């Protein structure tokens, strides 16, 4: 296996030979074999071990084993202890998902802080098959069937082309010691159930199962490349704007394709949406309709879809107060500045000129609310802010992010849009104040 591994590294992952590497080591056979292979090839690496404190003394014995392995191979080792059960409960995750999150977050922190170029994990071909089957049984798109990526940003998995049998044979041949995780024999986890009950049956049916599976993965990845190319072409035509409020897509571009639902799924699957029939119905919905996930909203606005992050209630209720002696204040919109000036110009998007005597301190900057009204400068009469924003054809997300500056609860400025006529500079004005947003 050493020769095959070396040839594979040279042909596919040659950059590892000159990189500073961090190897995730549990103490199990896979990660220990990967460590020995990297040592035999003279790689520059350190070890990282997570003690999840889930198996009592067995977890501590794994930690001791990894410390001894590092000492034997004369490499640096990092150990981190986690209260995995507490993390899982707080974040409403399964133990396995909690451990995965904790592990990768810590690996990434270590890599960034200590400037490791790559993080190596010991996933092999059998792990890849099990992951495929897990995704298949739970339901997934094409990407969920293309297996574990060999390279994913800084994470590299050099053993993906090798089977569990090959890894075990190498360990026995070189008399390598490893730790057995007792939880691997438990059938309560889906992965273990597949490993012990399903995969052996499949291998009975097809002794060359892993080889056939690798061919299938290559074909699926080729298909995924074609899908990605088509998706990028549609996205290029559909996206008309990307700004602080979100990403805006033309509805017409989704209606042109043969299977709009498939394109919507591929375009928005990473934003937590699950009700794809509802997403599809947005294409013909009226303005203001939306579909919400835990983190995002997809909103119909005229002939567009707007993808936006969810705004929190706390942000929308936030207010900022400006005292008489404040010359500037930091806000979510930027720095709001107040300056007395001798002359004035026409108001602009980011600056207005106000009759100083007409305002009463303390001023308040807040998100507009239902019932707000003002006298738009340059227009006749009073207008509700909601009607003004509708006439300006703002999307739902844009409306939700409009702030007003008020004096004694009277609007001085719909910030970034229109000043109020009641506070304008006139011939009788004795003091002018310039209010500017930077």
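One Cα centroid belongs to segment 115-146, the other to segment 381-438; the line between them spans 53 Å. A protection proxy built from the mean count of other Cβ atoms within 10 Å ranks the segments 220-228, 101-109, most packed first, as 101-109, 220-228. Ranked by the mean number of other Cβ atoms within 10 Å per residue, highest first, peptides 39-51, 237-249, 275-287 order as 39-51, 237-249, 275-287.
Put simply, the Cα atoms of segment 295-438 extend 49, 32, 24 Å along their principal axes, the longest span coming first.
Distance between the pseudo-spin-label points of residue 333 and residue 283 (7 Å out from Cα toward the beta carbon): 3.8 nm. Summing -39500 (n - 2.57) over the DSSP H runs of n ≥ 4 in the chain and dividing by its residue number, what mean residue ellipticity at 222 nm do you reach, to the nearest 500 deg cm²/dmol? The helix-only estimate for the chain comes to -11500 deg cm²/dmol at 222 nm. In the chain, inverting the average of 1/r over every pair of distinct C-alpha atoms gives 27.0 Å as the Kirkwood radius. If you take the square roots of the eigenvalues of the alpha-carbon gyration tensor of segment 239-309 and sort them as a ≥ b ≥ c, do you get rounded (a/c under 1.5), prolate (a/b over b/c) or oblate? Note, shape of segment 239-309 comes out rounded. Got a sec? Which residues in segment 45-85 would a label at residue 20 touch, if it sits 7 Å along Cα→Cβ and we count backbone N under 12 Å? Only 45-46 pass the distance filter. May I ask you to derive the FRET efficiency for residue 377 and residue 292 from their Cβ-Cβ distance with R0 = 41 Å, giving the value to the nearest 0.05? So the FRET efficiency works out to roughly 0.70.
Placing a pseudo-label 7 Å from each Cα along the Cα-to-Cβ vector at residue 321 and residue 90 gives an inter-label distance of 3.4 nm. On full extension, the segment bounded by residue 115 and residue 176 gains 19.0 nm, given 0.36 nm per residue less the C-alpha separation. More than 23 angstrom separation, counting every C-alpha pair in segment 2-205; what % is that? Cα-Cα pairs in segment 2-205 separated by more than 23 Å: 47 percent. Fully extending the segment from residue 137 to residue 105 would add 8.8 nm, taking 0.36 nm per residue of separation and subtracting the current Cα-Cα distance. Given their separation in residues at 0.36 nm each and the Cα-Cα distance between them, residue 58 and residue 188 gain 44.9 nm when the chain is fully extended. If both residues of a DSSP beta bridge must be in the chain, then about 80% of such bridges are antiparallel.
Taking the average, over residues, of other Cβ atoms within 10 Å as the packing measure, peptides 361-371, 417-427 rank 417-427, 361-371 from highest down. Take every DSSP beta bridge whose two residues both sit in segment 2-205; close to 10 percent of them are antiparallel. Diffusion coefficient of segment 235-359 by Stokes-Einstein, Kirkwood radius over Cα pairs, 10 °C, 1.306 mPa s: 89 µm²/s.
Laboratory data are not the source of any read-out in this text; all were calculated from the coordinates shown. Source: prediction; values computed, not measured. Ideal geometry is used to build each Cβ from the backbone, glycine not excepted, and the neighbour counts take in all protein chains shown.
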